[in-house]
Amino acid sequence: MMNNTLKAILLTSMLPFAANAAQELSPWYVGGGLGLNNYEPNCDQKTMKVCGEDEPYAWDVFGGYLFNDYFGVELGYRDLGRAEWVDYADKLNDAGAKGMTLGVVGFWPFAERWSLSAEAGAMNYLLSNNKQWGSEYYSDSGIAPYVGAGIGYNFTENLKLQAKYRRYENLDEDKWNTLEMESNYYGLELSYRFGSSAPAAVVAPLAVIPVDSDNDGVTDDKDQCADTPANHQVDANGCTLYKEVTEQRDVGSILFANNSSVVKQESYERIEKLAAYMNEHPRSTVLISGHASNVGNPDYNMDLSERRADAVAEILVSKYGISQDRVSSKGYGITQPIIEGSSAEANKANRRIEAHVTGVRKEALIK
């Protein structure tokens, strides 16, 4: 068990590293967390007769060291709260786990201030009761592995808030073989990283030091795009560089009546959505492919499939104003069925057109 003196040592041992705060962002950080813990199987232990009221409130304190922006190690102390139950001797019992932890943690920044985390480690736990209701005191200790995941938000480069989940295994009482528990923890964690990434100010007589506020490599006096994300590649004016990415998508099909190339009224809504997408992406093009069911003469069906494709293409151009050079159509007859054969179900599914859109979007170049 860790007493209050040891807790104080854990926190104060990190304080000397704060001396570097004015120089650089330190790899050292400290923090604490609060949350709710649920022991399981909470009501299935062989000594339990009736479950009592849990005290699920858990807390922890910790210190960590980052080897880089993505990987580090943490040392901490955690109290996982308590569970209560009535045993078969009608005595009210309780048990709770606490102890030192050591683990590794990884981070993945996915936005300017947001990051995901994953962790794994072990807890040197003490499992004991409070002996408050006439039960005999017992305790046992052991090593319990744990894994966890979280999502964090940096208020500043130093201060981070994280939502955490942790799973503990093998929180067992082996001395008398009475308890075999696991644990699920959910909570919030606040951490502080020492130091600062900003360089120390230098005062030079009659000299003005250029400032790069958004850290994109272009000083403010030349930067025409303020607040560029730090991970974007930029041009000489400090503006994000983009690349064009071609993407293809199928936007669904439209069915036709037997031996007909007339577009049904209920199909116009889908054609309108296709036109809206193409208007939003003015560099996109579309291929309308026509198809027919496997009934009758193949040459006739090829002609019918072409008329179906031409009918939808004509609506896109004449009714919705899509430029003719962005719309093409082609008939495939019976060569590309959705369902093989000439059953009623196959014929209905195969009397159709399909729209295949090719578009171009801009994507930022990442450093």
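Nothing in this text is a laboratory measurement; each read-out follows from the coordinates by a stated rule. Values in this document were obtained by computation on a predicted structure and should not be read as measured data. Please note: Cβ atoms are built from the backbone with ideal geometry, for glycine as well, and neighbour counts cover all protein chains shown.
Counting pairs of alpha carbon atoms under 8 Å apart in space and at least six apart in sequence, what relative contact order in percent does the stretch 243-364 give? For the stretch 243-364, the relative contact order is 44 percent.
Electrostatic tally near Pro229: other residues with Cβ closer than 9 Å to its Cβ, Lys and Arg +1, Asp and Glu -1, net -4. In this structure, Glu180 and Thr156 have a Cβ-Cβ separation that, at R0 = 35 Å, corresponds to a calculated FRET efficiency of about 0.20. With 0.36 nm allotted per residue and the present C-alpha distance subtracted, the Ala118-Val104 stretch has 4.2 nm of extension available. With a cut-off of 13 Å between beta carbons, the residues surrounding Pro145 carry a summed charge of -2, where Lys and Arg count +1 and Asp and Glu -1. Here the Karplus curve 6.51 cos²θ - 1.76 cosθ + 1.60, taken at θ = phi - 60°, turns the phi angles of the stretch 220-227 into couplings of 4, 5, 10, 7, 9, 10, 6, 6 Hz, with x standing for Gly and Pro.
Potential lengthening of the chain between Asn38 and Asp69 amounts to 8.0 nm, from the contour at 0.36 nm per residue minus the alpha-carbon distance. A Förster radius of 30 Å combined with the Cβ-Cβ distance from Tyr165 to Leu365 puts the calculated FRET efficiency at roughly 0.30. Taken about its Cα centre, the stretch 243-364 carries a charge dipole of roughly 220 debye when the Cβ of each Lys and Arg holds +1 and the Cβ of each Asp and Glu holds -1.
Put a dot 7 Å past the Cα of Glu272, heading toward its Cβ, do the same for Thr219, and the two dots end up 5.7 nm apart.
Here's how it looks for Asp172: its modeled amide H is under 5 Å from those of Met181, which are all 5 or more places away or on a different chain.
With a Förster radius of 22 Å applied to the C-beta separation of Ser323 and Glu244, the computed FRET efficiency comes to 0.65.
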